[in-house]
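Written out below as C-alpha coordinates is the structure these notes cover.
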Amino acid sequence: MACHVELLLGEPLIMKLRLQHFAQSVFIAILSFSFYGCDKGDGHITLKLAHSLDTGHSVHKSMIFMNERLKDLSNGTMDIEIYPNGQLGSERDSMELLQIGSIAITKVSTSPMEGFVPKMKIFSIPYVFRDEDHLWRVLNGKIGQDLLIEGEAVKLRGLAYYDAGSRSFYTRDKPIRTPKDLEGLKIRVQKSQTSVRMVEALGGSATPISFGELYTALQQGVVDGAENNPPSFYLSKHYDVARYYTQDMHTSVPDILLMSGPIWNNLTTKQQTWVQEAARLSVPYQRKLWKTSSDAALKAVEEAGVKIIQPDKAAFKEAVKGMHDSYKGSPVHELMQQIADIK
Ligand code: GCU
(Lines give C-alpha, C1' and ligand atoms only; values in the text may rest on other atoms or scores of the structure.)
Protein backbone atom coordinates (compact mmCIF):
# COMPACT_ATOMS: atom_id res chain seq x y z
CA MET A 1 0.00 0.00 0.00
CA ALA A 2 2.83 2.41 0.89
CA CYS A 3 4.25 1.88 -2.62
CA HIS A 4 0.89 2.54 -4.17
CA VAL A 5 0.59 5.81 -2.27
CA GLU A 6 4.12 6.91 -3.15
CA LEU A 7 3.54 6.33 -6.84
CA LEU A 8 0.56 8.61 -6.67
CA LEU A 9 2.17 11.37 -4.66
CA GLY A 10 5.03 12.51 -6.85
CA GLU A 11 8.56 13.41 -5.63
CA PRO A 12 8.24 16.92 -4.12
CA LEU A 13 5.21 16.01 -2.05
CA ILE A 14 6.80 12.76 -0.91
CA MET A 15 9.91 14.67 0.21
CA LYS A 16 7.74 17.10 2.12
CA LEU A 17 5.76 14.33 3.79
CA ARG A 18 8.96 12.47 4.68
CA LEU A 19 10.49 15.61 6.19
CA GLN A 20 7.32 16.24 8.17
CA HIS A 21 7.41 12.67 9.37
CA PHE A 22 11.09 12.95 10.29
CA ALA A 23 10.50 16.18 12.22
CA GLN A 24 7.61 14.57 14.05
CA SER A 25 9.68 11.50 14.91
CA VAL A 26 12.46 13.67 16.33
CA PHE A 27 9.93 15.64 18.36
CA ILE A 28 8.36 12.44 19.63
CA ALA A 29 11.77 10.98 20.48
CA ILE A 30 12.69 14.08 22.49
CA LEU A 31 9.36 14.06 24.28
CA SER A 32 9.69 10.38 25.04
CA PHE A 33 12.48 11.23 27.44
CA SER A 34 10.23 13.55 29.38
CA PHE A 35 7.60 12.25 31.75
CA TYR A 36 4.45 11.09 30.02
CA GLY A 37 1.83 10.49 32.63
CA CYS A 38 4.32 9.92 35.43
CA ASP A 39 4.62 11.25 38.88
CA LYS A 40 7.30 13.95 38.72
CA GLY A 41 8.29 13.32 42.31
CA ASP A 42 5.92 15.83 43.94
CA GLY A 43 2.94 13.48 43.81
CA HIS A 44 1.35 15.39 40.93
CA ILE A 45 0.52 13.47 37.77
CA THR A 46 0.17 15.09 34.35
CA LEU A 47 -1.29 12.87 31.66
CA LYS A 48 -0.22 13.75 28.11
CA LEU A 49 -3.01 13.52 25.56
CA ALA A 50 -2.50 13.71 21.78
CA HIS A 51 -5.20 13.92 19.12
CA SER A 52 -5.51 14.85 15.46
CA LEU A 53 -8.34 17.39 15.51
CA ASP A 54 -8.61 21.16 15.55
CA THR A 55 -8.93 23.10 18.82
CA GLY A 56 -12.37 24.34 17.66
CA HIS A 57 -13.66 20.75 17.48
CA SER A 58 -16.13 19.37 20.06
CA VAL A 59 -13.59 16.64 20.82
CA HIS A 60 -10.92 19.14 21.87
CA LYS A 61 -13.39 21.16 23.94
CA SER A 62 -14.53 18.00 25.69
CA MET A 63 -10.97 17.12 26.56
CA ILE A 64 -10.59 20.51 28.22
CA PHE A 65 -13.78 19.68 30.13
CA MET A 66 -12.38 16.26 31.05
CA ASN A 67 -9.23 17.90 32.36
CA GLU A 68 -11.29 20.19 34.62
CA ARG A 69 -13.25 17.21 35.95
CA LEU A 70 -10.03 15.29 36.60
CA LYS A 71 -8.54 18.22 38.49
CA ASP A 72 -11.71 18.45 40.64
CA LEU A 73 -11.98 14.74 41.28
CA SER A 74 -8.31 14.35 42.18
CA ASN A 75 -8.26 17.45 44.33
CA GLY A 76 -5.67 19.02 42.03
CA THR A 77 -3.28 16.08 42.07
CA MET A 78 -3.85 15.06 38.44
CA ASP A 79 -4.32 16.92 35.18
CA ILE A 80 -4.17 16.47 31.41
CA GLU A 81 -1.92 18.27 28.92
CA ILE A 82 -3.44 18.28 25.44
CA TYR A 83 -1.49 18.18 22.15
CA PRO A 84 -4.04 18.82 19.33
CA ASN A 85 -3.78 18.89 15.52
CA GLY A 86 -1.68 15.76 15.13
CA GLN A 87 1.37 17.53 16.64
CA LEU A 88 2.66 14.21 17.92
CA GLY A 89 1.95 12.32 14.73
CA SER A 90 -0.86 10.42 13.05
CA GLU A 91 -3.52 8.46 14.89
CA ARG A 92 -1.55 5.30 14.25
CA ASP A 93 1.57 6.91 15.75
CA SER A 94 -0.44 7.96 18.81
CA MET A 95 -1.64 4.42 19.42
CA GLU A 96 1.92 3.14 19.17
CA LEU A 97 3.08 5.83 21.63
CA LEU A 98 0.32 4.72 23.99
CA GLN A 99 1.45 1.13 23.82
CA ILE A 100 4.95 2.04 24.97
CA GLY A 101 3.69 4.53 27.56
CA SER A 102 5.15 7.60 25.84
CA ILE A 103 1.80 9.33 25.97
CA ALA A 104 -1.06 8.58 28.33
CA ILE A 105 -4.24 9.26 26.37
CA THR A 106 -5.31 9.67 22.77
CA LYS A 107 -8.52 10.03 20.81
CA VAL A 108 -8.63 8.21 17.52
CA SER A 109 -11.21 7.14 15.05
CA THR A 110 -12.18 3.47 15.44
CA SER A 111 -11.25 3.01 11.74
CA PRO A 112 -7.43 3.01 12.07
CA MET A 113 -7.84 1.14 15.35
CA GLU A 114 -8.76 -1.97 13.38
CA GLY A 115 -5.02 -2.35 12.69
CA PHE A 116 -4.61 -3.05 16.43
CA VAL A 117 -8.00 -4.53 17.31
CA PRO A 118 -9.41 -6.32 14.24
CA LYS A 119 -13.01 -6.43 15.53
CA MET A 120 -13.10 -2.61 15.29
CA LYS A 121 -13.51 -3.06 11.54
CA ILE A 122 -17.24 -3.38 12.19
CA PHE A 123 -17.47 0.43 12.24
CA SER A 124 -15.88 0.83 8.81
CA ILE A 125 -18.29 -1.51 7.07
CA PRO A 126 -20.86 0.67 5.29
CA TYR A 127 -24.51 0.77 6.31
CA VAL A 128 -24.24 -1.49 9.34
CA PHE A 129 -26.12 0.98 11.52
CA ARG A 130 -29.62 2.14 10.62
CA ASP A 131 -29.26 5.57 12.20
CA GLU A 132 -27.62 7.45 15.04
CA ASP A 133 -29.92 6.03 17.73
CA HIS A 134 -29.15 2.52 16.58
CA LEU A 135 -25.39 3.22 16.71
CA TRP A 136 -25.57 4.62 20.24
CA ARG A 137 -27.75 1.76 21.48
CA VAL A 138 -25.04 -0.58 20.24
CA LEU A 139 -22.17 1.49 21.69
CA ASN A 140 -23.83 1.77 25.10
CA GLY A 141 -24.90 -1.88 25.11
CA LYS A 142 -22.91 -5.07 25.57
CA ILE A 143 -21.37 -5.13 22.07
CA GLY A 144 -20.00 -1.59 22.36
CA GLN A 145 -18.78 -2.04 25.91
CA ASP A 146 -17.06 -5.34 25.05
CA LEU A 147 -15.36 -3.66 22.08
CA LEU A 148 -14.26 -0.77 24.28
CA ILE A 149 -12.15 -3.08 26.44
CA GLU A 150 -11.07 -5.36 23.56
CA GLY A 151 -7.88 -3.30 23.13
CA GLU A 152 -6.62 -4.03 26.65
CA ALA A 153 -4.76 -7.06 25.33
CA VAL A 154 -2.70 -4.73 23.10
CA LYS A 155 -2.20 -2.07 25.80
CA LEU A 156 -4.92 0.24 24.47
CA ARG A 157 -7.50 0.68 27.19
CA GLY A 158 -10.78 2.17 25.95
CA LEU A 159 -12.17 4.88 28.22
CA ALA A 160 -15.20 6.08 26.25
CA TYR A 161 -16.69 6.67 22.82
CA TYR A 162 -17.18 10.15 21.40
CA ASP A 163 -19.71 11.09 18.74
CA ALA A 164 -18.32 11.39 15.23
CA GLY A 165 -21.67 11.29 13.38
CA SER A 166 -21.67 9.72 9.96
CA ARG A 167 -19.20 9.99 7.10
CA SER A 168 -20.01 11.14 3.57
CA PHE A 169 -18.05 11.75 0.38
CA TYR A 170 -16.69 15.10 -0.72
CA THR A 171 -15.06 15.83 -4.05
CA ARG A 172 -13.07 18.48 -5.86
CA ASP A 173 -14.20 18.56 -9.44
CA LYS A 174 -17.49 16.76 -9.84
CA PRO A 175 -20.40 15.87 -7.60
CA ILE A 176 -21.15 12.33 -6.49
CA ARG A 177 -24.82 11.51 -6.94
CA THR A 178 -24.68 7.75 -7.45
CA PRO A 179 -21.93 5.14 -6.86
CA LYS A 180 -21.26 5.30 -10.62
CA ASP A 181 -19.89 8.81 -10.15
CA LEU A 182 -17.10 7.41 -7.97
CA GLU A 183 -15.68 5.40 -10.85
CA GLY A 184 -12.13 6.41 -11.65
CA LEU A 185 -11.91 8.77 -8.68
CA LYS A 186 -9.12 8.56 -6.13
CA ILE A 187 -10.69 8.87 -2.71
CA ARG A 188 -8.69 9.35 0.45
CA VAL A 189 -9.58 6.97 3.27
CA GLN A 190 -8.23 6.50 6.77
CA LYS A 191 -5.53 3.88 7.33
CA SER A 192 -8.04 1.06 7.53
CA GLN A 193 -8.25 -1.92 5.22
CA THR A 194 -12.03 -2.02 5.59
CA SER A 195 -12.33 1.60 4.50
CA VAL A 196 -10.27 0.73 1.41
CA ARG A 197 -12.68 -2.13 0.67
CA MET A 198 -15.67 0.15 1.21
CA VAL A 199 -14.54 2.70 -1.37
CA GLU A 200 -13.62 -0.04 -3.82
CA ALA A 201 -17.02 -1.72 -3.34
CA LEU A 202 -18.59 1.59 -4.32
CA GLY A 203 -16.47 1.85 -7.43
CA GLY A 204 -13.80 4.36 -6.35
CA SER A 205 -10.09 3.90 -5.96
CA ALA A 206 -9.01 4.19 -2.31
CA THR A 207 -5.87 6.01 -1.16
CA PRO A 208 -5.03 5.83 2.55
CA ILE A 209 -3.49 9.09 3.78
CA SER A 210 -3.32 10.43 7.31
CA PHE A 211 -5.65 13.28 8.21
CA GLY A 212 -2.87 15.83 8.68
CA GLU A 213 -1.63 15.33 5.12
CA LEU A 214 -5.01 15.44 3.44
CA TYR A 215 -5.42 19.16 2.80
CA THR A 216 -2.28 19.26 0.67
CA ALA A 217 -3.19 16.02 -1.06
CA LEU A 218 -6.59 17.45 -2.03
CA GLN A 219 -5.12 20.76 -3.06
CA GLN A 220 -2.48 19.18 -5.26
CA GLY A 221 -4.94 16.76 -6.82
CA VAL A 222 -3.20 13.70 -5.37
CA VAL A 223 -6.74 12.62 -4.53
CA ASP A 224 -10.05 13.68 -6.09
CA GLY A 225 -11.96 13.52 -2.87
CA ALA A 226 -12.28 12.13 0.61
CA GLU A 227 -14.98 11.24 3.11
CA ASN A 228 -15.68 12.54 6.57
CA ASN A 229 -18.27 14.02 8.90
CA PRO A 230 -19.30 17.70 8.55
CA PRO A 231 -17.22 19.13 11.46
CA SER A 232 -13.97 17.62 10.19
CA PHE A 233 -14.76 18.65 6.62
CA TYR A 234 -15.32 22.19 7.85
CA LEU A 235 -12.64 22.66 10.52
CA SER A 236 -9.89 21.10 8.37
CA LYS A 237 -10.85 23.60 5.64
CA HIS A 238 -11.01 20.79 3.09
CA TYR A 239 -14.07 22.59 1.74
CA ASP A 240 -11.70 25.27 0.37
CA VAL A 241 -10.72 22.70 -2.22
CA ALA A 242 -13.54 20.13 -2.28
CA ARG A 243 -16.69 21.95 -3.30
CA TYR A 244 -19.19 19.07 -3.33
CA TYR A 245 -20.43 17.25 -0.22
CA THR A 246 -22.70 14.24 -0.84
CA GLN A 247 -24.66 13.11 2.20
CA ASP A 248 -24.67 9.40 1.49
CA MET A 249 -23.73 8.73 5.16
CA HIS A 250 -22.03 5.46 4.34
CA THR A 251 -20.47 4.78 7.73
CA SER A 252 -20.97 5.73 11.37
CA VAL A 253 -17.45 5.52 12.74
CA PRO A 254 -17.27 6.63 16.37
CA ASP A 255 -14.24 8.21 17.95
CA ILE A 256 -12.69 6.48 20.93
CA LEU A 257 -10.71 7.76 23.90
CA LEU A 258 -7.85 5.41 24.66
CA MET A 259 -5.51 5.19 27.62
CA SER A 260 -2.03 3.71 27.61
CA GLY A 261 -2.11 0.25 29.23
CA PRO A 262 1.30 0.65 30.93
CA ILE A 263 0.43 4.10 32.34
CA TRP A 264 -2.98 2.90 33.48
CA ASN A 265 -1.34 0.01 35.35
CA ASN A 266 0.97 2.46 37.12
CA LEU A 267 -1.96 4.42 38.57
CA THR A 268 -3.52 3.59 41.92
CA THR A 269 -7.09 2.27 41.90
CA LYS A 270 -8.27 5.66 43.12
CA GLN A 271 -6.46 7.49 40.31
CA GLN A 272 -7.86 5.05 37.76
CA THR A 273 -11.38 5.74 39.03
CA TRP A 274 -10.86 9.51 38.69
CA VAL A 275 -9.58 9.21 35.11
CA GLN A 276 -12.41 6.88 34.12
CA GLU A 277 -14.99 9.15 35.76
CA ALA A 278 -13.60 12.31 34.12
CA ALA A 279 -13.78 10.57 30.73
CA ARG A 280 -17.32 9.35 31.40
CA LEU A 281 -18.48 12.83 32.38
CA SER A 282 -17.05 14.32 29.19
CA VAL A 283 -19.22 12.11 26.94
CA PRO A 284 -22.64 13.83 27.32
CA TYR A 285 -20.82 17.16 27.06
CA GLN A 286 -19.17 16.14 23.79
CA ARG A 287 -22.36 14.66 22.34
CA LYS A 288 -24.27 17.86 23.06
CA LEU A 289 -21.57 19.98 21.42
CA TRP A 290 -21.40 17.54 18.53
CA LYS A 291 -25.04 17.99 17.55
CA THR A 292 -24.87 21.75 17.28
CA SER A 293 -21.41 21.80 15.71
CA SER A 294 -22.33 19.25 13.06
CA ASP A 295 -25.37 21.26 11.94
CA ALA A 296 -23.37 24.49 12.13
CA ALA A 297 -20.57 23.00 10.01
CA LEU A 298 -22.98 22.00 7.25
CA LYS A 299 -24.51 25.45 7.29
CA ALA A 300 -21.11 27.14 7.22
CA VAL A 301 -19.82 25.15 4.24
CA GLU A 302 -23.05 25.73 2.37
CA GLU A 303 -22.75 29.46 3.01
CA ALA A 304 -19.19 29.25 1.71
CA GLY A 305 -20.57 27.95 -1.58
CA VAL A 306 -20.21 24.17 -1.16
CA LYS A 307 -22.92 22.25 -2.96
CA ILE A 308 -24.61 19.80 -0.58
CA ILE A 309 -26.08 16.80 -2.38
CA GLN A 310 -28.76 14.49 -0.95
CA PRO A 311 -28.35 11.30 -2.98
CA ASP A 312 -30.61 8.27 -3.06
CA LYS A 313 -28.90 6.14 -0.41
CA ALA A 314 -30.57 2.96 -1.72
CA ALA A 315 -28.12 2.80 -4.65
CA PHE A 316 -25.14 3.06 -2.28
CA LYS A 317 -26.57 0.37 0.00
CA GLU A 318 -27.16 -1.89 -2.98
CA ALA A 319 -23.57 -1.42 -4.18
CA VAL A 320 -22.07 -2.67 -0.90
CA LYS A 321 -24.22 -5.81 -0.64
CA GLY A 322 -21.40 -7.91 -2.10
CA MET A 323 -19.02 -6.54 0.52
CA HIS A 324 -21.48 -7.46 3.28
CA ASP A 325 -21.89 -10.96 1.82
CA SER A 326 -18.14 -11.44 1.67
CA TYR A 327 -18.06 -11.59 5.48
CA LYS A 328 -20.48 -14.54 5.58
CA GLY A 329 -19.24 -17.33 7.82
CA SER A 330 -16.86 -15.01 9.72
CA PRO A 331 -17.22 -13.61 13.26
CA VAL A 332 -17.69 -10.13 11.76
CA HIS A 333 -20.80 -11.31 9.94
CA GLU A 334 -22.15 -12.72 13.19
CA LEU A 335 -21.51 -9.35 14.82
CA MET A 336 -23.28 -7.59 11.93
CA GLN A 337 -26.30 -9.80 12.51
CA GLN A 338 -26.31 -9.22 16.26
CA ILE A 339 -26.19 -5.48 15.57
CA ALA A 340 -29.04 -5.70 13.04
CA ASP A 341 -31.14 -7.46 15.70
CA ILE A 342 -30.76 -4.57 18.15
CA LYS A 343 -33.93 -2.52 17.91
C1 GCU B 1 -12.76 11.95 11.89
C2 GCU B 1 -12.20 11.54 13.21
C3 GCU B 1 -10.73 11.79 13.30
C4 GCU B 1 -10.00 11.24 12.10
C5 GCU B 1 -10.61 11.74 10.82
C6 GCU B 1 -9.95 11.15 9.58
O7 GCU B 1 -12.83 13.30 11.79
O8 GCU B 1 -12.85 12.23 14.25
O9 GCU B 1 -10.26 11.19 14.47
O10 GCU B 1 -8.65 11.62 12.11
O11 GCU B 1 -11.97 11.43 10.82
O12 GCU B 1 -10.65 10.95 8.61
O13 GCU B 1 -8.75 10.87 9.60
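The values are calculated or read from the model by the stated rules, or taken from the named source; none is laboratory data. Computed from a predicted structure; not experimentally measured. No Cβ is skipped: glycine too gets one built from the backbone with ideal geometry, and neighbour counts run over all protein chains shown. The protein model used for the area step is the full one, side chains on, heavy atoms only, and it has no ligands, DNA or RNA in it. Shrake-Rupley method; radii C 1.70, N 1.55, O 1.52, S 1.80 Å.
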Return a yes/no flag: does the stretch 130-137 have any residue that is open to solvent by less than 10 Å² (accessible area, probe 1.4 Å), of a type in the set (D, E, K, R) and over 18 Å from His333 (Cα atoms). no
Tally of residues being of a type outside the set (Ser, Thr, Tyr), buried (at least 19 other Cβ atoms within 10 Å of the Cβ) and not in a strand (DSSP E or B) across the stretch 74-95: 7
Selection over the stretch 158-204 where residues are farther than 30 Å from Pro262 by Cβ, part of a helix (DSSP H, G or I) and open to solvent by 30 Å² or more (accessible area, probe 1.4 Å) yields a count of 5
If you go through the stretch 260-270 one residue at a time, do you hit one that is in contact with a Lys or Arg (Cβ under 8 Å, 6 or more places away or on another chain), more than 19 Å from Glu302 (Cβ to Cβ) and aliphatic (A, V, I, L, M)? no
Could you go through the stretch 250-266 and let me know if any residue there is assigned by TED's automatic domain parsing to the domain that holds Glu96 and free of Cβ contacts under 8 Å to residues at least 60 places away in the same chain. yes
Checking Ala314 against (1) of a type in the set (A, V, I, L, M); (2) in contact (Cβ under 8 Å) with a residue 24 or more places away in the chain; (3) open to solvent by 40 Å² or more (accessible area, probe 1.4 Å), the condition it does not meet: (2)
If Gly212 passes every condition in (1) away from the ligand (no atom under 12 Å from the Cβ); (2) open to solvent by 30 Å² or more (accessible area, probe 1.4 Å); (3) not aliphatic (A, V, I, L, M) but one, which one does it miss? (1)
Which of the residues belonging to the stretch 221-263 are more than 12 Å from the ligand (Cβ to nearest atom), crowded, with 23+ Cβ neighbours inside 10 Å and part of a strand (DSSP E or B)? Gly225, Tyr245, Thr246, Asp248, His250, Met259, Ser260
In this structure, is Glu277 acidic (Asp, Glu) and assigned by TED's automatic domain parsing to the domain that holds Met66? yes
Specify which of the listed residues (Thr207, Thr194) is closer than 24 Å to Ser330 by Cα, among the β-branched types (Val, Ile, Thr) and within 15 Å of the ligand (Cβ to nearest atom). Thr194
I'm trying to understand the selection: among the residues of the stretch 267-278, which are crowded, with 19+ Cβ neighbours inside 10 Å and assigned to a helix (DSSP H, G or I)? Gln271, Trp274, Val275, Ala278
Does the stretch 98-119 hold any residues that are within 15 Å of the ligand (Cβ to nearest atom) and either open to solvent by less than 20 Å² (accessible area, probe 1.4 Å) or basic (Lys, Arg) (or both), and which are they? Leu98, Ile105, Thr106, Lys107, Val108, Ser109, Thr110, Ser111, Pro112, Met113
